[in-house]
Protein chains: 2
Amino acid sequence: MLAAERRDHLLGLLAREGKVVAKNVAADLGISEDSVRRDLRDLAAEGLCHRVYGGALPVSPAVADYATRTSVTPDGKRKVATRAAALVRPGSALILDGGTTALAVARTLPPELACTVITHSPTIAAAMIEHPLADVFLLGGRIFKHSAVACGAAAVEAAQNVSADICLLGVTGVHPEAGLTTGDAEEAAMKRALAARAADTYILASSEKIGTASRFRVLPWEDISGLITDADPGHPVAEQLMARGVEILAAD
Amino acid sequence: MLAAERRDHLLGLLAREGKVVAKNVAADLGISEDSVRRDLRDLAAEGLCHRVYGGALPVSPAVADYATRTSVTPDGKRKVATRAAALVRPGSALILDGGTTALAVARTLPPELACTVITHSPTIAAAMIEHPLADVFLLGGRIFKHSAVACGAAAVEAAQNVSADICLLGVTGVHPEAGLTTGDAEEAAMKRALAARAADTYILASSEKIGTASRFRVLPWEDISGLITDADPGHPVAEQLMARGVEILAAD
DNA sequence: CCTGTTCTTGCACGTTTCTGCGTGTATCGT
DNA sequence: ACGATACACGCAGAAACGTGCAAGAACAGG
């Protein structure tokens, strides 16, 4: 057991489980607690962990484990993300929109899933680094600060060169009459460009979006394959949508 | 047992098992530990492995995930980033490479600086969201997991459509004879494409990079305007570089 | 074929670094 | 307040390290 190996092991434990208990690690690796403590002391000196009585914690909880990160996303978005992630088949190609719900989808995808993810969101591209088998293609362009995604002519043009099996799109408004809407015209255009490149388009909409409308129309109902939401299927708007032939994928 | 054979064996072991223990290899091959140590020392000098007490590790261990690597900025990189940020004039256009040092530059740029930042790194694009007046243009392409940047044909093509005043490039090796090097051929090509689109190119190299070399050449000395480093100006390699006409920008 | 040179290799030596144990101290839970 | 546990420090043995040196192999030139 190399010293550097031990260090890596400790950092791995910190990232995976969010904590390290000196006693347990010593027992697991068959080394003395002193060595573990020494390593933790060194790591803490380099700012790579935070030393506490009994072991150590990650320096910033943000980089910690998967479970705590997903827990901070609101319950509704997590449900929607879980349902959406179930639509992604191994080996398929997925166009993923920007926004917090789409980010939750990226984090919810199985870590060992082999698929192609196409996105115009640098945040989502960065999150997909955690998925070693996923092929990530980033659509470039001018970054719109408001939503942290690439938009504009260059981004739309880049989107013309890809195609995918499904497209998961976030919107800010879902309304029976107004349709699917968002707050920015450029973003709306970009979302249309993305949806046009996939065989099936699904809308990610946690319950608070249902029944509201924003200024710019993204797509008409005919162009989408389904709506993924955690809203009650008995919700009046949901029933209206079903009457219009929109498939509702319930996320519970 | 040929010397070259031993080297290959060691590199194979590193790739296959993620580590090399000098003692074990010596016993397996029936040679002295001294020879193994000598080989490892040579490989480390070429940047092909990372020497540790007891053996060696691959130069970029998969165990150290990107999140933990980015969470801390060593002192040297912060100094280099500060010096580099000072080169960026208001209203100018900057091409920013990927990597932890470049990320430190992005974070060091004045929050209210109005400039254009062009990058192929989603991480850096995401970090630039914090700069409300900066215009960010993201170069798309296939994401290389190892360094979390867009590379490949699409990214190089996207780079052809931009130009900038200065380009800040990170490398893994700075060596008087070997020049500026990095560990991946695609990355090297991408860095060349970026450098070609800027009037001036500066290299970001914290002191631990000085005097080391990796496998793939990025640029010859003639193509760069300067080297930004926190290494001692009296460092023998620094003096050699100055003798070759390379401008050294000291970061203290 | 012989000879001188260069390079490699293994060994010996002194030095540095690591690791586990003992001791005494600090901190925690009750 | 008290026992239990975790901790830091010092120490000694062990392991790994770098360096100098000499024997041997590979090679080029005469």
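The values are calculated or read from the model by the stated rules, or taken from the named source; none is laboratory data. All figures in this text were calculated on a predicted structure; none of them were measured in a lab. A quick note on method: Cβ atoms are made from the backbone with ideal geometry, for glycine too, and the neighbour counts reach across all protein chains shown. Please note that ligands, DNA and RNA were not included when accessible areas were found on the heavy atoms of the full protein model with its side chains. Shrake-Rupley method; radii C 1.70, N 1.55, O 1.52, S 1.80 Å.
Amide H contacts of B:A134: B:C115, each under 5 Å away and 5 or more positions distant or on a separate chain (H built 1.01 Å from N in the peptide plane; Pro and chain starts excluded).
Charged neighbours of A:G179, selected by a Cβ distance under 14 Å, balance to +3 (K, R count +1; D, E count -1). Placing pseudo-labels 7 Å out from each Cα toward the beta carbon at B:Y53 and B:S35 gives an inter-label distance of 2.7 nm.
Solvent-accessible area assigned to carbon and sulfur over the stretch A:143-213 amounts to 49 percent, based on a 1.4 Å probe. In this structure, the amide hydrogen of A:C167, modeled 1.01 Å from its nitrogen in the peptide plane, lies closer than 5 angstrom to those of A:I95, A:D200, A:T201, A:Y202, counting only residues at least 5 positions away or on a different chain.
Measuring from a point 7 Å out along Cα→Cβ, what nm distances, shortest first, does A:E46 have to its partners in the other copies? For A:E46, the inter-copy label distances come out at 2.6 nm. The listed residues A:R107, B:R244 rank as B:R244, A:R107 when sorted by accessible area, largest first, using a 1.4 Å probe. Gain on full extension, evaluated as 0.36 nm per residue between A:V237 and A:D223 minus their Cα-Cα distance, stands at 3.2 nm.
For the protein assembly as shown, the Cα-based Rg and Dmax, in that order, read 25.0, 80 Å.
Taking amide hydrogens as placed 1.01 Å from N in the peptide plane, the amide H of A:G55 sits under 5 Å from those of A:A22, each at least 5 positions away in sequence or on another chain.
Annotation for A:A185 and A:E46: the two label points, set 7 Å from Cα along the Cα-Cβ direction, are 5.3 nm apart.
Distance check, please: which entries in B:K79/B:K209; A:K77/A:K209; A:K77/A:K145; A:K19/B:K77; B:K145/B:K191 exceed 20 angstrom between their Cα atoms? Beyond 20 Å: A:K77/A:K145; A:K19/B:K77. In the assembled protein chains, A:L219 presents an accessible area of approximately 10 Å² (probe radius 1.4 Å).
Over chain B, what is the relative contact order in whole percent, taking alpha-carbon pairs under 8 Å and six or more residues apart? Present the calculation step by step, with values, prior to reporting the outcome.
Details: 494 pairs, mean separation 38.8, N = 252.
Worked out over chain B, it gives 15 percent.
Relative to the Cα centre, the charge distribution of chain B, modelled as +1 at Lys and Arg Cβ and -1 at Asp and Glu Cβ, gives a dipole magnitude of about 380 debye. The 3J(HN,Hα) values that the Karplus relation (6.51, -1.76, 1.60; θ = phi - 60°) gives for the stretch A:199-214 are, in residue order, 5, 10, 10, 10, 9, 9, 8, 5, 4, 5, 7, 5, x, 9, 9, 10 Hz. Gly and Pro appear as x.
What is the distance in Å between the Cα centroid of the stretch B:142-165 and that of the stretch A:125-144? The distance from the Cα centre of the stretch B:142-165 to that of the stretch A:125-144 comes to 12 Å. Position A:P220: other-copy label points at 6.1 nm, ordered by increasing distance, label point 7 Å along Cα→C-beta. Kirkwood radius, the stretch A:68-250, all distinct C-alpha pairs, inverse of mean reciprocal distance: 16.1 Å.
Tell me, what is the percent relative contact order of the stretch A:203-252, built from C-alpha pairs under 8 Å that lie six or more residues apart?
Values: 56 pairs, mean separation 20.4, N = 50.
Normalised by residue count, the contact order of the stretch A:203-252 is 41 percent.
As a test of the formula, what do you get for chain B when each DSSP H run with n ≥ 4 contributes -39,500 (n - 2.57) and the sum is divided by the residue count, at 222 nm and rounded to the nearest 500 deg cm²/dmol?
Details: 10 runs with 96 residues, N = 252.
The helix-only estimate for chain B comes to -11000 deg cm²/dmol at 222 nm.
Which is the longest stretch in chain A that no exposed loop site breaks, taking sites as GluC sites (Glu not before Pro) with a DSSP loop state and at most 12 other Cβ atoms within 10 Å?
On the way: sites that count: A:E46, A:E112, A:E177, A:E247.
The longest such stretch corresponds to A:178-246.
Which net charge results when you count Lys and Arg as +1 and Asp and Glu as -1 among the other residues whose beta-carbon is under 11 Å from that of A:C49? Taking every other residue near A:C49 into account, the sum is +1. Over the stretch A:3-63, Cα pairs under 8 Å with separation of 6+ residues give a relative contact order of 36 percent. Phi angles across the stretch B:161-172 convert, under the Karplus curve 6.51 cos²θ - 1.76 cosθ + 1.60 with θ = phi - 60°, into 3J(HN,Hα) values of 8, 10, 8, 8, 6, 10, 10, 10, 10, x, 9, 9 Hz, Gly and Pro given as x. Shown are B:K23, B:K77, whose ranking by accessible area with a 1.4 Å probe and every protein chain present, most to least, is B:K23, B:K77. In sequence order, the stretch B:225-235 has phi-based couplings of 8, x, 10, 9, 8, 9, 5, 4, x, x, 4 Hz under the Karplus curve 6.51 cos²θ - 1.76 cosθ + 1.60, θ = phi - 60°, and Gly or Pro positions carry x. Full extension of the chain segment joining A:R89 with A:D135 gains 15.2 nm, where the gain is 0.36 nm per residue of separation less the Cα-Cα distance.
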